Structure formats: structure tokens, C-alpha cells
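The values are calculated or read from the model by the stated rules, or taken from the named source; none is laboratory data. The shown structure was predicted, so the numbers you read here are calculated from the model rather than taken from an experiment. Reconstructed Cβ throughout: ideal geometry from the backbone, glycine too, with neighbour counts over all protein chains shown.
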């Protein structure tokens, strides 16, 4: 077996994984949308907030911080944003839009979904260090994805109006979170999580580290042309 066959099979495998990831995103979309609507319903969310005593903390600390971060991210897009405690006043290009951000819209539901995936995702004999890295990167990535989601919803509301923004918020925003979780766990199993290695005496032995995520992305990009060439033949 030569190196070209090996790289071709690797490209096929990577391409199949990407196809399966996209298919799973579409398959689980109804479940995540329903679960998200269940979590965001006023009765459920208020009950959870009262039980965890989260509403005062979210309203007084989290929401104002997120509103200001979103306002900063809007400036490179050519939209001027003035902020209040829980609202964005968007102006520019002879347009005006008011975007209200409540504590129930900042994306805490995606963190619940992320924690649910952690229950099964971190099962197995992985090192504690790699598990901590996975948890930290997943939490930061989920937070950043929520910021991006709020920015996109605000841009849609500014240029296209309230109804398109609501549709984007309810469906495309949920799909973004689903795709993010799939990409994150694919990356976690590929480049973050590591299994402990033991010698016969029970002590750790040196082993070659996994390639970084940047290296893996380069491998995926280089494998796609090989797959296309094999498919053309």
C-alpha cells in the first residue's frame, strides 16, 4: 500500500465524518428547537430562575455586560450602538432599531445543552488535564457563539425588521448552537481529549502527542482535493 492510497482513504474518512456531522445537525434540529422552547417558556424559565436564584444575578450583572460586548462587536459592522441596562439602540444608514435583551435571551439554554453533552462526552478513560481543557474550551466557545448569535440577530433586526430577527433567533440561532456542539466534540475527540498511557509497571510512559487542532484543520483541507480526485476516477 503506497502513501497515496493511505492519504486517499484518510481523506475519504474525514469527508465521511464531515458529512455525518452535517446530517446529524439536521436530524437533531427539531429536538434541540423543542427543548430550547421548553427551557425558554416563561413558566419553566421563571421556575428555574427562582429555584437557582439566578434572575437578580443575570439581570444586574450578566445582561448589562453582554449588551456592552454586543455593542462593541457592532461597531466594525458600521452600526452605531447606544446601550442601556438591557437594550441596544442601533443607528446607521438612516435606520434605527431597538433590540431588547432579556436574561432569558442571553443563551443560558445552550449552556444547559453543553452540560448535557458533557455527561456523555467526557465518559471514558481520559486524563483529568485534558478533561479540564475540554470543559474550559467548550464553555468559552459556547459563550462566544452566543455573542455571535446575538450580534447576528441584532444585525438582522436592524436591516430586515423584527419578524425576520425572531425567525432567525428561533431556528437559525438554534442551528448555530447545534453545529457548534458537533464541531466542538469532533475537535475534542480529535485534538483535546487524551487517554492515559501506562507501562507494564503502571507508570506513565512517553507517547507522541495528538496533533493540534490547527494541524488537523490543515489535514482536512488537504484531504478534500484527494477525495475529489479519487471520485473523478
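To keep it simple, each residue is scored yes or no on (1) touching a residue at least 40 places away in the same chain (Cβ under 8 Å); (2) over 23 Å from residue 105 (Cβ atoms); (3) under 16 Å from the mean Cα position of the chain (by Cα).
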site: 131; (1), (2), (3): yes, yes, no
site: 134; (1), (2), (3): yes, yes, yes
site: 155; (1), (2), (3): yes, no, no
site: 163; (1), (2), (3): no, no, no
site: 170; (1), (2), (3): yes, no, yes
site: 189; (1), (2), (3): no, yes, yes
May I ask you to list the residues in the stretch 158-191 that are modelled with pLDDT of 90 or more and buried (at least 17 other Cβ atoms within 10 Å of the Cβ)? 158
Qualifying residue in the stretch 60-77 (condition: at pLDDT below 80 and closer than 26 Å to residue 113 by Cα): yes
